[in-house]
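**Student:** Quick one: the structure is below, and I'll ask about it shortly.
The values are calculated or read from the model by the stated rules, or taken from the named source; none is laboratory data. All figures in this text were calculated on a predicted structure; none of them were measured in a lab. Here Cβ is always computed from backbone atoms with ideal geometry, including for glycine, and neighbour counts include all displayed protein chains.
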Amino acid sequence: MFKTTEEFKTEFVDKLQTLFGQSLDDSSPKDKYIALASLIRDHISKRWYQTNKQYRYSGEKQVYYFSMEFLLGKLLVNNLFNLGIKDICRQGLAEMGISLEELEALEPDAGLGNGGLGRLAACFLDSLAALQFPGHGCGIRYRHGLFEQKIINGYQVELPDNWLEDGYVWEVRKADRAVTVKFGGNVRMETHEGQCIFYHENYEPVRAVPYDVPVVGYNCETVNTLRLWSAEADEFDFSSFSKGDYLKAVEYKYNVEATTQVLYPDDNYQEGRILRLKQQYFFVAAGIASIVRRYMKNHCEAYNSITKFHEYISIHINDTHPALAIPELMRVFIDEEGLSWEEAWHITVNTVSYTNHTILPEAMEKWPIDMFKCLLPRIYMIVEEINKRYCAALWQRYPGEWEKIRRMAIIADGYVHMAHLAVVGSHSVNGVAKIHSEILKKQVMANFHEFYPYRFNNKTNGVTHRRWLANANPQLAALITDTIGFSWLAHPTDLTNLHKYAGDAVFQEKIAQVKRHNKEVLAKYIKDHNGITVDVDSIFDVHVKRIHAYKRQTLNVLHIMDLYNRLKESPDLDIAPRTFIFGGKAAPGYHLAKRTIKLITTLAGMVNKDPLVKNKIKIVFLENYSVSLAELIIPAADVSEQISTASKEASGTGNMKFMMNGAVTICTLDGANIEMRDEVGAENIIVFGLTADEVIRYYTQGGYNVLDLYHSDKRIKMLVDQLTNGFFPVGFDEFDAIYHSLIRTNDEYFVLKDFGTYISAQNRINEFYKNQSSWRKLSINNIAFSGRFSTDRTISEYAIGIWKIKPLVVRVGGRQYSSPACLLDD
Ligand code: 26V
């Protein structure tokens, strides 16, 4: 690795020449980006090779994190940072008149995820590598990631995300490691010497080709692998078709490749689409085939047997989406390795662990039996057998309790229930924040907890503080390092050393300057993209996340409407000026969410041009919220809106990113907000609203009638009426869906119930902000106590508590291992 800017410059110019046959002067910015990224990739390759070699040779246990989504964002700057060469590269490029940030902007965002769940998977990969754990990702290489959002006329319009258009520098195609995944067809059974043998026939073969992306560890030589699978038509099948029927051959190719064409854009909502089930089995079967193949080479030929698989391999399933890993492992162990059911089940359960990420009933995955059976006939047989044996065990424990058994069954009421399969087939089931794990144990999965008490545990989420603080907010990172040293980069709880500076006027001033700088950068972006001038002295009040009823963007809007009404009545109202910033995508089929965007943009249109309130409030909706945009917005936030209906947000991770960047949180006692309050202290966070217990009590026992509230509270009535009475310059029925969600469904998400306490909480924010010194103190304390929410902590807990893996130090150029050739394959 280069040690000086001179070395870097020489290598960079060489790379431009070898790749494009061009000099620096003749190269386009894109060429320069590709040359830089390729150069870095070359340096990573040595470590990558060495890491794989050591993992193979050491025989230590490895974990595979199976996820339908990895929301990676850009990799260039994070890789430079983790390699410790960001400054050298920036400096070297600057000396050649090139800006690192401008090159970074040319990298496509790998948006292979919807939101929290996919971004968590990406943060996990960063921490696994930083902590030198042998841990890899397994997922899908979608040809199109999450759609690009445009706002046209105030409405969301979806455009395809063509992220692979110009190629992707970080991936390495491994065609020789391709595997075939079988769909449809039928299963024929034969008995040989008393043993059943299953033959899968007449299936549709789909070739799964892996693309490996290196995952670079911070300040170490570990480079783990994210393996993404792409569906390709098998050339053999293609050519056998094309001899007779060219059109059929093309159709075949098109259908096969459709498997990984697009990421489903739904978040917290499951629609039983066969293509999605196909995606799930596709990547699970391919991932398991490659793990088993490697295991057989590295372990079985050398010293172990397949019966020890779970001692060396851990497979973690990110929600139920990869739960087919359970019957697929069974299939491999029984049909391919010849184990008995009992042996196979023991290994499978001890290999697999499962994380639940939501309790929303509409997000619980279930597949119609007929669809499942038709697409995956052999897997269905195995699921049936798992269900049969499991229900027999339930019957032993709960004789005669048919209703209870039906509710706990894997197959019931015409569906395969994936969460039930996941619990039954895993040795560990975890929620993602303390309250969420408790709700799982006591409510949503109480029956399962009673049956399997030792399986359930909690692992509170985190975020990688290296991306979300060190890289997204370099000025703050520099200030922190100047003040307390750099140990926090590897030991995030060292941030608590900032606490003693919370009241220090000089430090407060520096913190304020950094925040102001970040706000100026965001203000410029807003000016360039939305044409709106915002006041950097105003409070930047930010609500960015997927648009969903339970996340209650509507509550925020009602507060702004109320403020607007009050300002129109008394223009001299004493409030700190505020800029309300929104961002987030709505699932394309989610009408209410889409109208919520229209409501925000409509209100913005009115408020922003009203001279009466001009200097007091502004509203901005930033289109196409993504990882890169989040990296721009979050460091500039003063206030972080985390206002979900208590009990609904499993954890949240945006909340943690804002906290790390010194925003003050206004929140309900939901998800990880509760643990954030416990860390930072109740005096440093603004809490309001019903508690989860209260919400659940209303759901189970009743006692809330929204119409009583509507008729008794004049202010609430006025705001709700304004949605449909012509107050907004749109058709009268434009916001009907929102009106209905409040009034007709008895305010399912308690928006109006929490409105009063939310307004009081917002008033508290106003009061705090007026005293800048106390505001800065809050901000510093939030940074100081955010260390617990690093994925370094989360991953350590998974490693010790669930996966039972140990760190393995990788040394390039250290001891050379000589090992059998077979160990070096794959
Ligand atoms: C479910 C489904 C159902 C099938 C169709 C597509 C689809 C896509 C995503 C999901 C999963 C939704 C669950 C989810 O994203 N949960 C979020 O997970 C975060 C990480 O643990 C957590 O912070 C959020 O609170 C939680 O909502």
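**Student:** Tell me whether segment 704-727 contains one or more residues that are assigned to a helix (DSSP H, G or I), within 30 Å of the chain's Cα centre (by Cα) and either aromatic (Phe, Trp, Tyr) or away from the ligand (no atom under 16 Å from the Cβ) (or both). Steps first, answer last, please.
**Tutor:** So the first thing to find is which residues in segment 704-727 are assigned to a helix (DSSP H, G or I), and the list is 706-712, 714-722.
With the extra rule that they be within 30 Å of the chain's Cα centre (by Cα), the set shrinks to none.
No - not one qualifying residue is present in segment 704-727.
**Student:** Residues of segment 381-412 being under 17 Å from Lys366 (Cβ atoms) and either in contact with a Gly (Cβ under 8 Å, 6 or more places away or on another chain) or among the basic types (Lys, Arg) (or both), which ones?
**Tutor:** Scanning segment 381-412 gives Ile386, Arg406, Arg407.
**Student:** Before we move on, is Arg177 surrounded by fewer than 24 Cβ atoms within 10 Å (Cβ to Cβ) and among the charged types (D, E, K, R)? I'd like the intermediate steps shown before the answer.
**Tutor:** On the way: surrounded by fewer than 24 Cβ atoms within 10 Å (Cβ to Cβ): yes; among the charged types (D, E, K, R): yes.
The answer is yes for Arg177.
**Student:** So Tyr739 clears everything in (1) out of contact with any helix residue (DSSP H, G or I) (no Cβ under 8 Å at 6 or more places or on another chain); (2) free of Cβ contacts under 8 Å to residues at least 24 places away in the same chain; (3) within 26 Å of Tyr699 (Cβ to Cβ) except one condition, right? Which one?
**Tutor:** Just one mismatch for Tyr739, condition (1).
**Student:** Here's a follow-up. Can you tell me which residue within segment 354-384, out of those that are within 16 Å of the ligand (Cβ to nearest atom) and of a type in the set (Val, Ile, Thr), is modelled with the lowest pLDDT?
**Tutor:** Ile359
**Student:** Among the residues of segment 749-760, are any of a type outside the set (Val, Ile, Thr), surrounded by 21 or more Cβ atoms within 10 Å (Cβ to Cβ) and part of a helix (DSSP H, G or I)?
**Tutor:** Scanning segment 749-760 turns up at least one residue that is of a type outside the set (Val, Ile, Thr), surrounded by 21 or more Cβ atoms within 10 Å (Cβ to Cβ) and part of a helix (DSSP H, G or I).
**Student:** For segment 304-320, how many residues meet the condition of being under 13 Å from Lys61 (Cα atoms), out of contact with any His (no Cβ under 8 Å at 6 or more places or on another chain) and surrounded by fewer than 16 Cβ atoms within 10 Å (Cβ to Cβ)?
**Tutor:** Number satisfying all stated conditions: 1.
**Student:** Can you say whether Gly485 is at pLDDT 95 or above and either under 23 Å from the mean Cα position of the chain (by Cα) or farther than 30 Å from Met659 by Cβ (or both), as far as the supplied structure shows?
**Tutor:** Numbers: at pLDDT 95 or above: yes; either under 23 Å from the mean Cα position of the chain (by Cα) or farther than 30 Å from Met659 by Cβ (or both): no.
Considered against the rule, which asks whether it is at pLDDT 95 or above and either under 23 Å from the mean Cα position of the chain (by Cα) or farther than 30 Å from Met659 by Cβ (or both), Gly485 comes out as no.
**Student:** A further question follows. Collect the residues in segment 352-364 that are in a helix (DSSP H, G or I) and not charged (D, E, K, R), keeping them in residue-number order.
**Tutor:** Going residue by residue through segment 352-364, those that are in a helix (DSSP H, G or I) are 361-363.
Result: Pro361, Ala363.
**Student:** What's the number of the condition Leu106 fails, among (1) touching a Phe, Trp or Tyr at 6+ places or on another chain (Cβ under 8 Å); (2) assigned to a loop (DSSP other than H, G, I, E, B); (3) crowded, with 21+ Cβ neighbours inside 10 Å?
**Tutor:** Of everything listed in (1) touching a Phe, Trp or Tyr at 6+ places or on another chain (Cβ under 8 Å); (2) assigned to a loop (DSSP other than H, G, I, E, B); (3) crowded, with 21+ Cβ neighbours inside 10 Å, Leu106 misses just condition (3).
**Student:** Report, ordered by the first and then the second residue, all pairs with beta carbons closer than 7 Å, sequence separation of six or more or different chains, a first member in segment 645-660 that is of a type in the set (Phe, Trp, Tyr), and a second member that is away from the ligand (no atom under 12 Å from the Cβ).
**Tutor:** Within 7 Å, the pairs are Phe658/Ile634; Phe658/Ala637; Phe658/Ser640; Phe658/Thr665.
**Student:** Any idea which residue in segment 70-122 is farthest from Asn624 (Cα to Cα), counting only those that are polar (S, T, N, Q) and more than 22 Å from the chain's Cα centre (by Cα)?
**Tutor:** Let us first name the residues in segment 70-122 that are polar (S, T, N, Q), namely 78-79, 82, 91, 99, 114.
Narrowing further to those that are more than 22 Å from the chain's Cα centre (by Cα): 91, 99.
On the way: Gln91: 31, Ser99: 24 Å.
The qualifying residue farthest from Asn624 (Cα to Cα) is Gln91.
**Student:** Kindly indicate whether Leu669 is touching a Phe, Trp or Tyr at 6+ places or on another chain (Cβ under 8 Å) and within 18 Å of Tyr550 (Cβ to Cβ). I'd like the intermediate steps shown before the answer.
**Tutor:** Details: touching a Phe, Trp or Tyr at 6+ places or on another chain (Cβ under 8 Å): no; within 18 Å of Tyr550 (Cβ to Cβ): yes.
It is false that Leu669 is touching a Phe, Trp or Tyr at 6+ places or on another chain (Cβ under 8 Å) and within 18 Å of Tyr550 (Cβ to Cβ).
**Student:** Related question: For segment 645-672, enumerate the residues that are more than 18 Å from Cys123 (Cβ to Cβ) and more than 16 Å from the ligand (Cβ to nearest atom). Can you show your working first?
**Tutor:** Step one: of segment 645-672, the residues more than 18 Å from Cys123 (Cβ to Cβ) are 645-648, 662-670.
Residues satisfying the conditions are Gly662, Ala663, Val664, Ile666.
**Student:** Among the residues of segment 420-439, which ones are farther than 14 Å from Tyr390 by Cα and of a type outside the set (S, T, N, Q)?
**Tutor:** Going residue by residue through segment 420-439, those that are farther than 14 Å from Tyr390 by Cα are 427-439.
Selection gives His427, Val429, Gly431, Val432, Ala433, Lys434, Ile435, His436, Glu438, Ile439.
**Student:** Could you check Pro265 against (1) touching a Pro at 6+ places or on another chain (Cβ under 7 Å); (2) outside any loop (DSSP other than H, G, I, E, B); (3) within 16 Å of the ligand (Cβ to nearest atom) and say which number it fails?
**Tutor:** With (1) touching a Pro at 6+ places or on another chain (Cβ under 7 Å); (2) outside any loop (DSSP other than H, G, I, E, B); (3) within 16 Å of the ligand (Cβ to nearest atom) applied to Pro265, the lone miss is (2).
**Student:** Kindly list the number of the only condition in (1) within 16 Å of the ligand (Cβ to nearest atom); (2) of a type in the set (S, T, N, Q); (3) surrounded by fewer than 22 Cβ atoms within 10 Å (Cβ to Cβ) that fails for Asn114.
**Tutor:** (3)
**Student:** Taking the condition out of contact with any His (no Cβ under 6 Å at 6 or more places or on another chain) and closer than 27 Å to Arg466 by Cα, does Ile633 pass? Walk me through how you get there before you give the answer.
**Tutor:** On the way: out of contact with any His (no Cβ under 6 Å at 6 or more places or on another chain): yes; closer than 27 Å to Arg466 by Cα: yes.
Against the criterion (out of contact with any His (no Cβ under 6 Å at 6 or more places or on another chain) and closer than 27 Å to Arg466 by Cα), Ile633 qualifies.
**Student:** For segment 124-159, which residues satisfy the criterion of being in a loop (DSSP other than H, G, I, E, B) and in contact (Cβ under 8 Å) with a residue 60 or more places away in the chain?
**Tutor:** Of the residues in segment 124-159, the ones in a loop (DSSP other than H, G, I, E, B) are 131-134, 141-143, 145-147, 153-154.
Across segment 124-159, the qualifying residues are Leu131, Gln132, Phe133, Pro134, Arg141, Tyr142, Arg143, Gly145, Leu146, Phe147, Gly154.
**Student:** Taking Ile634, is it aliphatic (A, V, I, L, M), within 16 Å of the ligand (Cβ to nearest atom), buried (at least 21 other Cβ atoms within 10 Å of the Cβ) and modelled with pLDDT of 95 or more? Walk me through how you get there before you give the answer.
**Tutor:** Working: aliphatic (A, V, I, L, M): yes; within 16 Å of the ligand (Cβ to nearest atom): yes; buried (at least 21 other Cβ atoms within 10 Å of the Cβ): yes; modelled with pLDDT of 95 or more: yes.
Taking the combined requirement at face value, the residue satisfies it.
**Student:** For Thr351, indicate whether it is away from the ligand (no atom under 16 Å from the Cβ), crowded, with 21+ Cβ neighbours inside 10 Å and among the polar types (S, T, N, Q). I'd like the intermediate steps shown before the answer.
**Tutor:** Details: away from the ligand (no atom under 16 Å from the Cβ): yes; crowded, with 21+ Cβ neighbours inside 10 Å: yes; among the polar types (S, T, N, Q): yes.
Yes.
**Student:** Here's something else I'd like to know. Whether any residue in segment 591-604 is more than 32 Å from the chain's Cα centre (by Cα), buried (at least 20 other Cβ atoms within 10 Å of the Cβ), within 22 Å of Asn153 (Cα to Cα) and in contact (Cβ under 8 Å) with a residue 12 or more places away in the chain is what I want to check.
**Tutor:** Going residue by residue through segment 591-604, those that are more than 32 Å from the chain's Cα centre (by Cα) are none.
Looking for residues that are more than 32 Å from the chain's Cα centre (by Cα), buried (at least 20 other Cβ atoms within 10 Å of the Cβ), within 22 Å of Asn153 (Cα to Cα) and in contact (Cβ under 8 Å) with a residue 12 or more places away in the chain, one finds none in segment 591-604, hence no.
**Student:** Here is a further query. Checking Leu489 against (1) aliphatic (A, V, I, L, M); (2) within 16 Å of the ligand (Cβ to nearest atom); (3) in contact with a Phe, Trp or Tyr (Cβ under 8 Å, 6 or more places away or on another chain), which test does it fail?
**Tutor:** Just one mismatch for Leu489, condition (2).
**Student:** Is it the case that segment 279-287 has a residue that's surrounded by fewer than 23 Cβ atoms within 10 Å (Cβ to Cβ) and away from the ligand (no atom under 16 Å from the Cβ)?
**Tutor:** There is no residue in segment 279-287 that is surrounded by fewer than 23 Cβ atoms within 10 Å (Cβ to Cβ) and away from the ligand (no atom under 16 Å from the Cβ).
**Student:** What strands (runs of 3 or more DSSP E) lie completely within segment 365-476 and have 3 or more residues being closer than 29 Å to Glu343 by Cα?
**Tutor:** Values: elements: 366-368, 415-417, 428-431, 456-458.
Qualifying strands (runs of 3 or more DSSP E): 415-417, 428-431, 456-458.
**Student:** Of the residues in segment 226-244, how many are surrounded by 12 or more Cβ atoms within 10 Å (Cβ to Cβ) and modelled with pLDDT of 70 or more?
**Tutor:** So the answer is 9.
**Student:** Being assigned to a helix (DSSP H, G or I), within 24 Å of the chain's Cα centre (by Cα) and either more than 16 Å from the ligand (Cβ to nearest atom) or not acidic (Asp, Glu) (or both) narrows it down to one of Glu675, Glu679, Glu683, Glu694, so name that one. Even if it seems obvious, please write down each step before you answer.
**Tutor:** Details: Glu675 fails: either more than 16 Å from the ligand (Cβ to nearest atom) or not acidic (Asp, Glu) (or both); Glu683 fails: within 24 Å of the chain's Cα centre (by Cα); Glu694 fails: within 24 Å of the chain's Cα centre (by Cα).
None of the other options fit; the residue is Glu679.
**Student:** If you don't mind, there's one more thing I want to ask. Would you check which residues across segment 32-44 are in contact (Cβ under 8 Å) with a residue 60 or more places away in the chain and not hydrophobic (A, V, I, L, M, F, W, C) and list them? Walk me through it before giving the result.
**Tutor:** Going residue by residue through segment 32-44, those that are in contact (Cβ under 8 Å) with a residue 60 or more places away in the chain are 32-34, 36-38, 41, 44.
Those that are in contact (Cβ under 8 Å) with a residue 60 or more places away in the chain and not hydrophobic (A, V, I, L, M, F, W, C): Lys32, Tyr33, Ser38, Arg41.
**Student:** Can you confirm whether Ile410 is closer than 21 Å to Glu271 by Cβ and either modelled with pLDDT under 95 or in contact with a Leu (Cβ under 8 Å, 6 or more places away or on another chain) (or both)? If you could, list the steps in order and put the result at the bottom.
**Tutor:** Numbers: closer than 21 Å to Glu271 by Cβ: yes; either modelled with pLDDT under 95 or in contact with a Leu (Cβ under 8 Å, 6 or more places away or on another chain) (or both): yes.
In short, yes.
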